[in-house]
Amino acid sequence: MIETVTRKRIEILADKALQRRVTDAIDRIGITGWTIVPVTSGKGREGVWREESVIGTDKVLVLTIAAEDKAMALAEELAPMLTRLGFVLSMWDVQVIRGERF
């Protein structure tokens, strides 16, 4: 039987130009990996938006999985940027195989 462990999946929506701030924070916390996915459009409180490379507002989704203590440390480090830079952070419990990798 395969054994799973609970970890936190974290998604951070950020402007592409600011993705390095997110990945640098992930690295500083000691989370072992991350993935960046381009985002082409969405809708939020202020309405519909679309990728706009010309004015530098294209978005990315930075994904990572971490143990709860590291996930909470990342959320605390990114908290000032959430409001100031318009990042959106969500996290939830996921079951992973090979939990020692996260």
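Just checking the listed ones, Arg28, Arg84, Arg20: in the Gaussian network model of the chain with Cα springs under 10 Å, the one fluctuating most is Arg84. Look at the dipole of the chain built from charges on Cβ: of Thr6, Val22, Leu74, the Cα furthest out on the positive end belongs to Val22. Of the residues Ala14, Ala71, Ala79, the one that moves most in a GNM of the chain with alpha-carbon contacts below 10 Å is Ala79. Accessible surface of Met91 in the full protein assembly, 1.4 angstrom probe, to the nearest 10 Å²? We get 50 Å² for Met91. Basic side chains Lys and Arg get +1 at the Cβ, acidic Asp and Glu get -1 at the Cβ, and with that the dipole of the chain about its Cα centre reaches some 140 debye.
For the chain, the Cα-based Rg and Dmax, in that order, read 14.6, 52 Å. Three principal axis extents describe the C-alpha atoms of the range 60-102; from largest down they are 36, 21, 14 Å. Counting protein heavy atoms only, the chain has 52 percent of its accessible area on carbon and sulfur, 1.4 angstrom probe.
The values are calculated or read from the model by the stated rules, or taken from the named source; none is laboratory data. Computed from a predicted model, the values in this text were never measured in an experiment. Neighbour counts are summed over all protein chains in view; Cβ atoms, including those assigned to glycine, are modelled from backbone coordinates with ideal geometry. Note: areas computed on protein heavy atoms with side chains; ligands, DNA, RNA excluded. Shrake-Rupley method; radii C 1.70, N 1.55, O 1.52, S 1.80 Å.
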